[in-house]
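Read-outs throughout are calculated quantities, based only on the coordinates presented, and are distinct from any laboratory measurement. Computed from a prediction, not measured in an experiment: that's the story for all the values here. Cβ placement follows ideal geometry from the backbone for every residue including glycine, while neighbour counts extend to all protein chains displayed.
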Amino acid sequence: MAIKQLAALITPPASPLDCEGNWYAAEIVVGATYPADFRALIAAYGSGAFFRGHLTVYNPLTVGGLAGIKQAERFCRQHREGLYPLPLAVHPDTPGLLPWGGDENGNTYCWLTKGKPDKWPVVFLGHGHESHPVQLRTDITGFLAGYATDKFPELAQPDDPMSEAMQVFTPGRSQAEIAGELLKARKGK
């Protein structure tokens, strides 16, 4: 697992948010067993986004993370039809794309659920280029470490290399904080 390599590049938060929970329940809702390195990633970083908020990882231990996964699955299914269709099936089809993140540019990050979960490759779906997915033979932590160090030229933009200043994890908001705000808003009505 590249979690140690990733942690050496991007320091995990001292107190990660929503890093513990019921993986069994999350896997039932999504319909898949998660790779071990993804569980380690969530345990180390919790909810939030990498690269100064650029790439959000959907934490399936939270309602918001599960909603992000399901929304991204719907997005992928929509791109299975049309003039330039997505050439890969979408989870729960096997092999199929199972989203694990998205970025501020509308790109989607998935696994291709082929074989055992710990062997699933990462698939990058560039916004507007969904008919040309980029499959990378790496796990999620290897991908994030590689992305942080510009190891994937097929994803890098020549005028926008990854700087050290971008190698930051931004924690999200805890479920308790969000629930508190919702309750406060309800009482105000």
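With a sphere of radius 14 Å drawn around the Cβ of residue 77, what net charge do the other residues whose Cβ falls strictly inside it have (Lys, Arg +1; Asp, Glu -1)?
Numbers: positive: 70, 74, 80; negative: 73, 81, 93, 130.
Local charge sum for residue 77: -1.
Lysines near residue 184 by alpha-carbon distance under 30 Å, same-chain residues fewer than 8 away left out - which ones?
Partners found: 70.
Convert each backbone phi in the range 124-130 into a coupling constant with the Karplus relation 6.51 cos²θ - 1.76 cosθ + 1.60 (shift: θ = phi - 60°), then list the ³J(HN,Hα) values in order as whole Hz, x for Gly and Pro.
Those phi angles translate into 9, 10, x, 4, x, 10, 4 Hz.
List 76, 19 from most exposed to least, where exposure is judged by having the fewest other Cβ atoms within 10 Å.
Working: 76 24, 19 18.
Ranked by crowding around the Cβ, least crowded first: 19, 76.
Sorting 129, 54, 91 on the 10 Å Cβ count, fewest up front, what's the list?
Numbers: 129 12, 54 16, 91 22.
Exposure proxy ranking, most exposed first: 129, 54, 91.
Restricting to the chain, compute how many DSSP beta bridges are antiparallel as a %, nearest 5. Can you show the working numbers first?
Details: 21 of 23 bridges.
Counting DSSP beta bridges with both partners in the chain, the antiparallel share is about 90 percent.
Is any helix in the chain, taking whole DSSP H runs, at least 15 angstrom long along its axis by alpha carbon and on average at least -0.5 on the Kyte-Doolittle scale, and which ones? Can you show the working numbers first?
Numbers: long enough: 63-78 (23 Å, -0.20); 175-188 (20 Å, -0.44).
Counting only whole DSSP H runs, the qualifying helices are 63-78, 175-188.
Relative contact order for the chain: what is it in percent, counting Cα pairs under 8 Å that are at least 6 residues apart? Can you show the working numbers first?
Numbers: 310 pairs, mean separation 48.3, N = 189.
RCO, the chain: 26 percent.
From the Cα gyration tensor of the range 32-133, with a ≥ b ≥ c the square roots of its eigenvalues, which class applies: rounded if a/c is under 1.5, or else prolate if a/b is larger than b/c, or else oblate?
Numbers: a/c = 1.88, a/b = 1.31, b/c = 1.43.
Oblate, since a/c reaches 1.5 and b/c is not below a/b.
Would you grab the residues whose amide H sits under 5 Å from the one on residue 90? Only those 5+ places off in sequence or on another chain, please, with H modelled 1.01 Å from N.
Amide H neighbours of residue 90: 97.
For the chain, set up a GNM with springs between Cα atoms under 10 Å and report which of 177, 104, 73 has the largest fluctuation.
Answer for the Gaussian network model of the chain: 177.
Starting from the Cα of residue 116, draw a straight line to each of the aspartates and glutamates and keep only those under 16 Å, dropping any in the same chain fewer than 8 residues away.
Counting by Cα, and skipping residues close in sequence, residue 116 has these aspartates and glutamates nearby: 27, 37, 93, 139.
Which of rounded, prolate or oblate describes the chain when judged by the alpha-carbon gyration tensor and an a/c cut-off of 1.5? Could you put the intermediate results ahead of the total?
Working: a/c = 1.45, a/b = 1.17, b/c = 1.24.
Rounded is the answer for the chain, as its axis ratio a/c remains below 1.5.
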